[in-house]
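Here's the structure, in structure tokens; my notes come after.
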Amino acid sequence: MIELTNISKTFNAGTPQEVRALININLNISNEEFIVIVGANGSGKSSLLNAIAGTIIPDSGKINIEGNEVTDWKDFRRSKWIARIFQDPFKGTASELSIIDNFRLAAIRTKRKSLSIGINSKFKEMVRERIALLGLGLEDKLEQSIGTLSGGQRQALTLIMAVMDDAKILLLDEPSAALDPKTSEIIMQKADQIIKEFKLTSILITHNLKDVASYGSRVILMKEGTIASDIKGEERSKMTIKDFQEWFL
Ligand SMILES: Nc1ncnc2c1ncn2[C@@H]1O[C@H](COP(=O)(O)OP(=O)(O)OP(=O)(O)O)[C@@H](O)[C@H]1O
Ligand SMILES: [Mg+2]
């Protein structure tokens, strides 16, 4: 459960560059809900995700995650619940390290003490099993450096890393925007599969109307720092790509 109450964030307040990125946002997200956020450039979509992740702290309002009031918590304190995937496939991983070392690093970062991480065959086997879920053959390339993989392969691995340490919430900020159409489709399908399989609460930002129509259980349209529309339930499930196209105009 994620609850945002009256969240506002203004950048560069009191200067000519002042931007009201989030204005009095109220949003309740249930467990296992999959929200798709759409809206024009600069409408506040990434700011909303950043506020949930703790990479920006709101000026006012309250954020509650899993029953904890986390409004002033820095991102690392929330990272036990939250995994993120960004537009840039190079952002989530370290190029010079092997696949397996990237997974070790991710495990250390989220500080799962119960997990034995070292040069441990059990850890490696677990990583191999998880990566095999992708069906991309990457489980046989554990010692290969991440830098030699394509953007799509990296995004797929970042997805798996996200669920390695029992994150409950997955935030996806245009995860397939930098990928070719076919790879983009594969990554979105994998993401959807992982979200369902691991029962994640998820928020996807996308500009791709086909993805808006295909994924998630709720669609939110942002406009100038506010939630302009919020469609869920039966109303959402009846909507087609054409409806979404008309809705945006
Ligand atoms: N760290 C920051 N410092 C100053 N201004 C910022 C910062 N982050 C965001 N903004 C501004 O806040 C507004 C909302 O930005 P945000 O990144 O949330 O938009 P967005 O909806 O994600 O857009 P896009 O579709 O282009 O990714 C924009 O005007 C942006 O320039
Ligand atoms: Mg953005």
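Couple of notes before you dig in:
- Using the Cβ-Cβ distance between E18 and I241 with R0 set to 30 Å, the FRET efficiency from 1/(1 + (r/R0)^6) comes to roughly 0.25.
- Partner aspartates and glutamates for K196 [C-alpha distance under 14 Å; skip if fewer than 8 residues away on the same chain]: E32, E33, D166
- Charge tally in the Cβ shell below 11 Å around T93, where Lys, Arg are +1 and Asp, Glu are -1, T93 excluded: -1
- For K242, the lysines whose Cα falls under 19 Å of its own Cα, not counting residues fewer than eight places away in the same chain, are K210, K232.
- Cα centroid separation, the stretch 167-233 to the stretch 37-96 (Å): 15 Å
- The ranking of T201, T240 by Cβ neighbour count inside 10 Å, starting from the fewest, reads T240, T201.
- The label-point distance for Q189 and K232, in a model that sets each label 7 Å from Cα toward Cβ, rounds to 2.9 nm.
- DSSP beta bridges in the chain [antiparallel fraction, %, rounded to 5]: 55 percent
- Two-decimal Rg/Rh across the stretch 56-114, once Rg and the Kirkwood Rh are taken from alpha-carbon atoms: 1.05
- q = 0.17 Å⁻¹: log10 I(q)/I(0) that the Debye formula gives for the stretch 2-248, counting C-alpha atoms only: -1.32
- Were the residues from L105 through K199 laid out at 0.36 nm apart, the gain over their Cα-Cα distance would be 31.4 nm.
- Added length on full extension, which subtracts the Cα-Cα distance from 0.36 nm per residue, K62 to L97: 8.7 nm
- Under a model in which nothing but the beta-carbon of Lys, Arg (+1) and Asp, Glu (-1) is charged, the stretch 40-109 shows a dipole of about 100 debye around its Cα centre.
- Here each label is just a point 7 Å from Cα along the line to Cβ, and for W73 and K124 those points are 3.5 nm apart.
- Normalised by the number of residues in the chain, the average gap of Cα pairs under 8 Å and 6 or more apart makes the relative contact order 26 percent.
- Taking Cβ atoms as reference points and 12 Å as the exclusive limit, the residues near R236 contribute a net charge of -2, counting Lys and Arg as +1 and Asp and Glu as -1.
- Approximate spin-label separation A177-T148, in nm, with each point projected 7 Å along Cα-to-Cβ: 3.1 nm
- Per-residue ³J(HN,Hα) for the stretch 203-217, Karplus 6.51 cos²θ - 1.76 cosθ + 1.60, θ = phi - 60°, Hz, x for Gly and Pro: 10, 10, 9, 8, 9, 8, 4, 5, 5, 4, 6, 8, 10, x, 10
Throughout, read-outs are computed from the coordinates displayed, never taken from laboratory work. Predicted model, so just to flag it, every value in this text is computed and none were measured. For neighbour counting, all protein chains shown are included, and Cβ atoms are generated from backbone atoms with ideal geometry for every residue, glycine included.
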